[in-house]
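Supplied in structure tokens, the structure appears directly below.
The values are calculated or read from the model by the stated rules, or taken from the named source; none is laboratory data. What you see is a predicted model; the values in this text were computed from it and never measured. Here the Cβ is made from the backbone with ideal geometry for all residues, glycine too, and neighbour counts use every protein chain on show. Each accessible area value is taken on the protein alone, full model and side chains, heavy atoms only, with ligands, DNA and RNA left out. Shrake-Rupley method; radii C 1.70, N 1.55, O 1.52, S 1.80 Å.
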Amino acid sequence: MTGGPVIVRIRVVPAGLLLVVAAAAWVWVVTHWGGMPAVPGTMGLGLAAFLAVWTLMMTAMMLPATAPVAALYARTLTVHRAPRMVVFTLAYLLVWAAAGLPAYALAVGLGRAAHLTPAAGTAVAAAVFAVSGVYQLTPLKDRCLARCRSPIGLMLRYASYPRASRDLRAGAHHGAFCLGCCWSLMVLLAAFGVMNLWAMVVLAAVITAEKLAPFGRLVARAVGIASIVLAVAVFWVPALAPGLTGGGMAGM
């Protein structure tokens, strides 16, 4: 309850399975999209295909940082642990899949902005960086991050849920806090390119550090400040946002 990260011994079953699933998602992303340039917008995908790819991306990026919480939740289960953890994980991922709807709308809008003048694309990129950076420094970000870093209180809350819906509600509830914590980082994918593999790797590392490292809060604030700096710097170096300006980093 001190606000520090929860240190839990990650058991092979079932929390370790989350790492296996995340690894499989990373393999799929790398093999299918690893060589793709930072194409603006939805990468030419329709809504259904975009949501499928988005969900796989979130599986790869979010599950490693969620494994300790899953291990903690699994310890509160006494019977049918494996199937109940499947429900918990699917509910968690369902929240991120639903977040793909506004992400698709944003990608469509930003894709159109990228086809405007270079100056307009750069201005939109600056706005994306600024929005992400400012949110990283807000009390709401701190509150959501605190719940992800120290979820003991949430475990007590989940224990009060009715048995029939407990795992579903617990997974969705934790997913909502993770979404509140990390949506500003996912917005950066619009600037770097939705399927920019290197951006995904860096952001996944940032998410994991924010949630699990002792200095996670400092990481969140540092990323916020860096995003605000990028909002200014992109006017001089448009290649910082290849997903909107088509800059020199597009090959990444």
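Do you know the relative contact order of the chain, to the nearest whole percent, from alpha carbon pairs under 8 angstrom that are 6+ apart?
Value for the chain: 33 percent.
Moving on. I want the local charge near PHE88. Using Cβ-Cβ distances under 11 Å, sum +1 for each Lys or Arg and -1 for each Asp or Glu among the other residues.
+3
Moving to a separate point now. Please give the per residue accessible area of the range 143-216, computed with a probe of 1.4 Å over protein heavy atoms only, in Å².
Solvent-accessible surface per residue comes out at 37 Å².
What helices does the chain hold that run 24 Å or longer along their axis, going by alpha-carbon atoms, with a Kyte-Doolittle average of 0.0 or more, using DSSP H for the helix calls?
15-33, 47-74, 81-114, 118-136, 166-192, 216-233
If eta is 0.890 mPa s and T is 25 °C, what Stokes-Einstein diffusion coefficient results for the range 61-195, Kirkwood Rh from Cα pairs, in µm²/s?
Taking Rh from Cα pairs, D becomes 149 µm²/s.
Based solely on C-alpha atoms, express the radius of gyration and the Dmax of the range 95-172 in angstrom.
18.5, 56
Using the charge dipole of the chain (Lys, Arg: +1 at Cβ; Asp, Glu: -1 at Cβ; taken about the Cα centre), state which of PRO242, ALA120, TRP198 has its Cα farthest towards the positive end.
Farthest along the dipole direction, towards plus: TRP198.
Please grab the % of Cα pairs in the range 127-252 that end up more than 21 Å from each other.
When every Cα pair of the range 127-252 is considered, 45 percent fall beyond 21 Å.
Continuing with the same structure: Taking Cα extents along the principal axes in Å as the quantity of interest, determine which of (i) 70, 40, 30; (ii) 75, 32, 32; (iii) 59, 36, 26 was computed from the displayed structure.
Correct label is (iii).
Within the set of other residues whose C-beta is less than 14 Å from the C-beta of LEU218, count the net charge using Lys and Arg as +1 and Asp and Glu as -1.
That sum, taken over residues with Cβ under 14 Å, equals +3.
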